[in-house]
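Got a structure for you, written out below as structure tokens; questions coming shortly.
Just so it is clear, none of the values below were taken in a lab; they were calculated from the coordinates. Note that the structure is predicted; figures quoted are calculated from it, not measured. Glycine gets a Cβ as well: all are built from the backbone with ideal geometry, and neighbour counts include every protein chain shown.
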Amino acid sequence: MPMAASLHTNFLQNPNRHLNNPTTQNNVFPVTSIRTIKNTPIRPVSIKCAAPTTTQIQDRFSGQAQSQDRVFNFAAGPATLPENVLLRAQSELYNWRGCGMSVMEMSHRGKEFLSIIQKAEADLRALLEIPPEYAVLFLQGGATTQFAALPLNLCNQDDPVDYVVTGSWGDKAFKEAQKYCKPNVIWSGKSEKYTKIPSFDGLEQNPQARYLHICANETIHGVEFKDYPTPKNPNGVLVADMSSNFCSKPVDVSKFGVIYAGAQKNVGPSGVTIVIIRKDLIGNAQDVTPLMLDYKIQAENNSLYNTPPCYCIYMCGLVFEDLLDQGGLKEVEKKNKKKAEILYNAIDASNGFYRCPVEKSVRSLMNVPFTLEKSELEADFIKEAAKEKMLQLKGHRSVGGMRASIYNAMPLAGVETLVAFMKDFQARHA
Ligand SMILES: Cc1ncc(COP(=O)(O)O)c(C=O)c1O
């Protein structure tokens, strides 16, 4: 017997009418009451979202085409995502490839989601040419959780490990490791305000260190390793936090024991952290290691020990596909180099009006910090840039100044527009 038209069917036929409730008609997310905390009313924040048009306009500074309803988002993370990926996700949001539900609604054990996570892994393996003796894990808790998971999995409480600290993130990783092993900072750039990477020859590594930890790209300070040190201990491994330059260029994975990265800069939304680990390093976790942080549990269960961040993994999969479509990481690196060159050149050619404190040879391709000679103009710079649809240019609160994060998904037009604006601003204020 055919079922009577359900509320669900009614909604599908007329999605703008929210059941038959007169207070909710024409308003899918009605605000029916104002909540209070300790008698202080909390007013709902009104957020206006532009209609999803893709009209192209010409930017008044660079003359480049720009989607009318999009800004250039220079945020350090969560960060801008490729427009085509967003539009694809939008088109698949409601009904993923005809299966009748959204990725957000799928069982993580169903064949549909398994195909999504397996493809995401296969595409990432292709992009980074990850050798078969490495496992790929999709985890939760951000890169910050890995600061603890690494020592818990790779060493015992009394084992020495070495940290090269080239910025705030490396410092945080070192401090967390102090709870679980005996880390030692063998080089710190703090006294020089984290503007350098050390020469590898001069590093006094402990020959017993179980691992040597680096942050491949310091997001706040804008210093990036262009090459990688080799651990002195033949049984030790190199471990890298690649959160802010993951998939921005080719990397020889075989040089590393572990690479880890939060997704929310270059490859997806926040909520998933990718760990690439040599398989023989798995299985030695300290007894106190929480189940969720034990790489063995995660690897044996193909990252599905518990409910994974399904939608985030799906989004990363779309980004990986897009990076492959662009020709892979060699092509992506070429684009990133070009964008960074244009921006650093503009800073260096400004006769000191703008200044980047980072040593030239280790400047990040991803995060470009800069200051104004007349620091009193910085607030105006940020405000005026925002009026021109260039957002999130304020430097991290710990260092001040400005920072332009120009990850993979930042179009060349975004950098050209910023540079044109910088020249115009200088002409008006020099
Ligand atoms: C290099 C680096 N490492 C670690 C983190 C912390 O990442 P999460 O917020 O995902 O824990 C960040 C965040 O910005 C970062 O830039």
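Using the Cα gyration tensor of the range 275-430, with a ≥ b ≥ c the square roots of its eigenvalues, what is the shape: rounded (a/c below 1.5), prolate (a/b larger than b/c) or oblate (neither)?
Prolate, because a/c is 1.5 or more and a/b exceeds b/c.
Starting from the Cα of residue 384, step 7 Å along the direction of its Cβ; do the same at residue 84; then give the gap between the two resulting points in nm.
It is 3.6 nm.
Right, next: Please give the net charge around residue 191, taking every other residue with its beta carbon less than 15 angstrom from that of residue 191, where Lys and Arg add +1 and Asp and Glu add -1.
Net charge around residue 191: 0.
What's the FRET efficiency of residue 279 with residue 306 using the Cβ-Cβ distance as r and R₀ = 25 Å, to the nearest 0.05?
It comes out at approximately 0.70.
Cut-off is 10 Å between beta-carbons; in what order do 225, 74, 200 appear when sorted fewest neighbours first?
Fewest to most other Cβ atoms nearby, the residues stand as 200, 225, 74.
Of 373, 416, how do they rank once you tally other Cβ atoms within 10 Å and put the fewest first?
Listed from fewest to most nearby Cβ atoms, that is 373, 416.
Quick query: amide H of residue 406 versus all other amide H atoms, modeled in the peptide plane; which residues come in under 5 Å with a sequence gap of 5 or more or a different chain?
Placed amide hydrogens put 367, 368 under 5 Å from residue 406.
Next up: For the range 87-140, which GluC sites (Glu not before Pro) are in a loop by DSSP, counting at most 11 other Cβ atoms within 10 Å?
133
Roughly speaking, what is the centre-to-centre gap between the range 379-430 and the range 120-150 when only Cα atoms are used, to the nearest Å?
Cα centroid to Cα centroid, the span is 32 Å.
Lys and Arg at +1, Asp and Glu at -1: add these up for the other residues within a Cβ distance under 14 Å of residue 151 and post the number.
Counting the neighbours of residue 151, the net charge comes to -2.
Mind giving me the nanometre distance, one decimal, between the label points for residue 232 and residue 296, set 7 Å out from Cα along Cα→Cβ?
Here the modelled spin labels are 3.1 nm apart.
Can you give the net charge of the other residues whose Cβ lies under 14 Å from the Cβ of residue 89, counting K and R as +1 and D and E as -1?
Local charge sum for residue 89: -2.
Related question: Label residue 114 and residue 196 with points 7 Å out from Cα along Cα→Cβ: what is the distance between them in nm?
Going by the 7 Å Cα→Cβ label model, 5.4 nm.
From the square roots a ≥ b ≥ c of the eigenvalues of the alpha-carbon gyration tensor of the range 171-292, which class results: rounded (a/c under 1.5), prolate (a/b over b/c), or oblate?
rounded
Here is a follow-up. Whole angstrom only: what separates the Cα centroid of the range 240-300 from the Cα centroid of the range 302-327?
So the two Cα centres are separated by 14 Å.
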